[in-house]
1. Mind telling me which of the residues Val101, Val91 ends up being farther than 26 Å from Arg178 by Cβ, in contact (Cβ under 8 Å) with a residue 24 or more places away in the chain, out of contact with any Leu (no Cβ under 7 Å at 6 or more places or on another chain) and part of a loop (DSSP other than H, G, I, E, B)?
2. Restricting to segment 213-238, what's the tally of residues that are open to solvent by 40 Å² or more (accessible area, probe 1.4 Å), aliphatic (A, V, I, L, M) and over 21 Å from Arg318 (Cα atoms)?
3. If you go through segment 146-156 one residue at a time, do you hit one that is under 18 Å from the mean Cα position of the chain (by Cα), buried (at least 24 other Cβ atoms within 10 Å of the Cβ), at pLDDT 95 or above and outside any strand (DSSP E or B)?
4. Looking only at residues in segment 22-69 that are open to solvent by less than 20 Å² (accessible area, probe 1.4 Å) and part of a loop (DSSP other than H, G, I, E, B), which one is modelled with the lowest pLDDT?
5. Of all the helices (runs of 4 or more DSSP H) wholly in segment 190-291, which have at least 1 residues that are modelled with pLDDT under 95?
6. Going through segment 79-88 one residue at a time, which ones are in contact (Cβ under 8 Å) with a residue 24 or more places away in the chain and either over 24 Å from Gly35 (Cα atoms) or surrounded by 15 or more Cβ atoms within 10 Å (Cβ to Cβ) (or both)?
7. How many residues, within segment 91-121, are under 18 Å from Val38 (Cβ atoms), open to solvent by 20 Å² or more (accessible area, probe 1.4 Å) and touching a helix residue (DSSP H, G or I) at 6+ places or on another chain (Cβ under 9 Å)?
8. Suppose the filter is among the aliphatic types (A, V, I, L, M), within 19 Å of Leu306 (Cα to Cα) and open to solvent by 30 Å² or more (accessible area, probe 1.4 Å); does Val76 pass it?
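The values are calculated or read from the model by the stated rules, or taken from the named source; none is laboratory data. All values reported here derive from a predicted model rather than from experimental measurement. In this analysis, Cβ positions are derived from the backbone assuming ideal geometry, glycine residues included, and neighbour counts consider all displayed protein chains. Ligands, DNA and RNA are excluded from the accessible area calculation, which covers all protein heavy atoms including side chains. Shrake-Rupley method; radii C 1.70, N 1.55, O 1.52, S 1.80 Å.
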Amino acid sequence: MTHNRNLPDRMNLPFVGLVSFAGQPAQEDWSKLEGVDVAILGIPIDTALSYRVGTRFGPRAIREASMFHSFGPEGVFDFEDETTYLGASEVRIADVGDSDVIYADTQRSLSNATQAVRTLRSAGTLPYILGGDHSITMATVAAYAAEPPIHIIHIDAHFDFIDERNGVSWGHGSPMRRSSEMAHVSGITTLAPHNMASVSRADYEAAKAYGTNVVPLRRLRAQGAAASLAHLPDGQRVYVSIDIDAFDPSIVPGTATISHGGLSYYEGKDILREIASRFEVVGADFVEVSPPYDPSGITSLLAARLTLDFIGAIYRQRRVRNQAK
């Protein structure tokens, strides 16, 4: 049988063709990223988890789910805003594959992740990283050491400010603690922590002593995203780290450390839109999606949908700001 891949009426369905993030071009040769704005990078590590494993399958599951939202050069029309996002003239996205993971060697894998993000930054892209457990953030943030300072906006049910546990100082509960020790990190804002056991008293006091700006979930709900981020100046360079467990398990059951009462989809979308509208986003990660605990796949679907929402908002706002100059 002969396959003609140039047929104009070729089916564009989520179960047709090779899998890449939202059906965007795959480019594993990182020397050929000229013109690419956003590089989707998987870091499939879960050897730093303290509880249920499975997030190593997160990047692949998010990519698979994102095929439901695949789009062409015309972009995606949002009828609520009466606006088209993600058009080819606004942003070019490439799926650049995964960083190298060394089985059972978390620290070497994290070192590889740092180098991967550094390479993608050198190519002029905005790395958007799919995890993997949350330990990857301490590695990806480290890749920005040679750049101007960044502020981390951390959306999570937990503080992730553990210094060490059982002699391990680089587990998935420590990324904000390790990031706080980096000279190029100017500060951390943690949004939406909630429930008992989200942090120990000692780690909470250490986070506050460092200067972490904490907005617990119920306060965030009461005052909204704009007020919760009002302490940061417009134009602030930010790295955004999103843990899927910040969302309510009724819509994201596929994660290791479930925390009831979390964010809804629209609450998350509003936070990310506020970030995109006010700050210079230089990188982002979406972590802790664990497909084995969600046969329905709705967790991966939410991660994929919010990723596209966020990228669309970032580049639409950049276009608006550039037109205003």
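1. Values: Val101 fails: farther than 26 Å from Arg178 by Cβ.
Only one candidate qualifies: Val91.
2. So the answer is 2.
3. Yes, the conditions are met somewhere in segment 146-156.
4. The first filter runs over segment 22-69 and keeps only residues open to solvent by less than 20 Å² (accessible area, probe 1.4 Å), leaving 22, 33, 36, 38-43, 45-46, 48, 54-55, 58-59, 62, 65-67.
Among the residues that remain, those that are also part of a loop (DSSP other than H, G, I, E, B) are: 33, 36, 45-46, 48, 54.
On the way: Leu33: 98, Val36: 98, Ile45: 93, Asp46: 89, Ala48: 70, Gly54: 88.
Filtering first and then ranking leaves Ala48.
5. On the way: elements: 201-210, 217-228, 265-278.
In segment 190-291, 201-210 are the helices (runs of 4 or more DSSP H) which contain 1 or more residues that are modelled with pLDDT under 95.
6. Residues of segment 79-88 in contact (Cβ under 8 Å) with a residue 24 or more places away in the chain: 83, 85-86.
If the condition is that a residue be in contact (Cβ under 8 Å) with a residue 24 or more places away in the chain and either over 24 Å from Gly35 (Cα atoms) or surrounded by 15 or more Cβ atoms within 10 Å (Cβ to Cβ) (or both), then Tyr85, Leu86 are the ones that fit.
7. Initial filter on segment 91-121 (under 18 Å from Val38 (Cβ atoms)): 91-99, 113, 116-121.
Keeping just the survivors that are open to solvent by 20 Å² or more (accessible area, probe 1.4 Å) gives 92, 98, 118-119, 121.
Keeping just the survivors that are touching a helix residue (DSSP H, G or I) at 6+ places or on another chain (Cβ under 9 Å) gives 98, 118-119.
Total meeting the criteria: 3.
8. Numbers: among the aliphatic types (A, V, I, L, M): yes; within 19 Å of Leu306 (Cα to Cα): yes; open to solvent by 30 Å² or more (accessible area, probe 1.4 Å): yes.
Spelling it out, Val76 is indeed among the aliphatic types (A, V, I, L, M), within 19 Å of Leu306 (Cα to Cα) and open to solvent by 30 Å² or more (accessible area, probe 1.4 Å).
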